[in-house]
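Have a look at the structure below, then the notes.
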Amino acid sequence: MSPFRTAAITDEFSPDDLDAALDGMAAVGMTGAELRVVGRRNMIDLSNEEVDAVRAAVEAKGMEVISLASPLLKCVLPGSPPLDSRVQHDVFGSPHTFEDQPALTRRAFEIAERLGAGIIRVFSYWRTTEPEQCYPQLREALIALADQAAVRGVIIGLENEHACNVGTGAEAARFLSTIEHPALQLIWDPANASVLGETPFPDGYDQLPASRIGHVHAKDCFVKDHKPVWGAVGEMGIDWRGQIDALRRDGYRGWISLETHWTGPNNDKFEASTICGKNLQQLAG
């Protein structure tokens with residue numbers, strides 16, 4: 001059995017120093033880079049010259065850009081039910097509105113092309129007290145994005161995000177059943193699902209169509225009252241050994257990308273991500 005390829009969202013190692021982040025990722029055996037924040041700025045806000053420099057830095061380390069972790073559809077959907085106050089709404093330097101989405105979409109596709117990224121990560125609007133009331137408009141938005149992605153030869157990756165309307169495996173399965181589009185796949189994040197009270201593996205995962213999983217995010221936590229306590233991957237509440245074995249059994253051939261969130265034993269994200277990266281390499285091997 002060949003090991004899964006591993007990557008990380010670079011700012012989980014360092015939001016300030018891309019080269020330091022890439023060195024730390026390479027040191028634990030990662031070969032892919034997922035880009036969200038560089039120099040404490042969201043990728044969507046960088047100039048063409050800055051985007052080109054980011055790609056060059058990644059490739060200079062012998063790594064490849066696999067995904068643009070964009071903030072698309074991470075906003076309030078106008079006319080939707082009240083927001084779910086139980087969850088925290090993290091913007092990662094990109095506090096955009098619904099009205100900003102057309103311009104953000106154009107820029108995300110431009111940046112993904114310049115980066116050579118095969119995936120553009122998107123969301124499902126900020127979570128409301130009645131998520132499924134948002135699904136018709138979300139479906140329209142994602143079909144439009146997927147149609148554009150198909151023309152450009154990239155994938156739209158819908159991340160199940162606990163702060164958004166598609167948060168669990170069960171919700172992702174229900175929503176994906178309404179869209180059959182080859183350019184729309186799921187970014188499966190078991191820890192996000194757990195924040196909403198789901199047992200992501202095996203319960204959430206077993207409801208998902210395995211063929212629709214295009215990318216996987218790895219982080220780990222325990223959850224109490226919808227509040228996650230982040231920790232080292234493989235040492236908290238997610239059955240990562242079982243999850244990775246199931247992905248291999250079901251024919252998954254994509255990347256597993258670290259999204260640490262944990263600040264580590266010494267409040268040092270680089271150290272925390274190094275610990276998690278080493279654990280992930282062992283699990284993915």
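So, in segment 59-91, how many residues would count as being without any contact (Cβ under 8 Å) to a residue 60 or more places away in the chain, among the polar types (S, T, N, Q) and part of a loop (DSSP other than H, G, I, E, B)?
Number satisfying all stated conditions: 2.
For segment 140-173, what are the residues that are more than 19 Å from the chain's Cα centre (by Cα) and either modelled with pLDDT under 95 or not β-branched (Val, Ile, Thr) (or both)?
Of everything in segment 140-173, those that are more than 19 Å from the chain's Cα centre (by Cα) and either modelled with pLDDT under 95 or not β-branched (Val, Ile, Thr) (or both) turn out to be 140, 144, 147, 148, 150, 152, 153.
Which of the residues that make up segment 169-201 are open to solvent by 10 Å² or more (accessible area, probe 1.4 Å) and within 23 Å of residue 136 (Cα to Cα)?
170, 171, 173, 174, 177, 178, 180, 181, 182, 185, 196
Yes/no matrix, rows are residues, columns are (1) in a helix (DSSP H, G or I); (2) under 13 Å from residue 13 (Cβ atoms); (3) open to solvent by less than 60 Å² (accessible area, probe 1.4 Å):
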site	(1), (2), (3)
243	yes, no, yes
252	no, no, yes
256	no, no, yes
260	no, yes, yes
264	no, yes, yes
270	yes, yes, no
273	yes, yes, yes
278	yes, yes, no
283	yes, no, yes
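Looking only at segment 202-225, count how many residues are open to solvent by less than 50 Å² (accessible area, probe 1.4 Å) and either more than 25 Å from residue 277 (Cβ to Cβ) or out of contact with any Pro (no Cβ under 6 Å at 6 or more places or on another chain) (or both).
The total comes to 14.
I'm told residue 20 meets every condition in (1) loosely packed, with under 14 Cβ neighbours inside 10 Å; (2) within 26 Å of residue 95 (Cα to Cα); (3) in contact (Cβ under 8 Å) with a residue 12 or more places away in the chain except one. Can you identify the failing condition by its number?
Of (1) loosely packed, with under 14 Cβ neighbours inside 10 Å; (2) within 26 Å of residue 95 (Cα to Cα); (3) in contact (Cβ under 8 Å) with a residue 12 or more places away in the chain, only one is false for residue 20: (2).
The values are calculated or read from the model by the stated rules, or taken from the named source; none is laboratory data. Keep in mind the model is a prediction, meaning the values are calculated, not measured. Heads up, the Cβs are rebuilt from the backbone with ideal geometry, glycines too, and the neighbour counts pull from every protein chain shown. Accessible surface areas use protein heavy atoms only, side chains included; no ligands, DNA or RNA. Shrake-Rupley method; radii C 1.70, N 1.55, O 1.52, S 1.80 Å.
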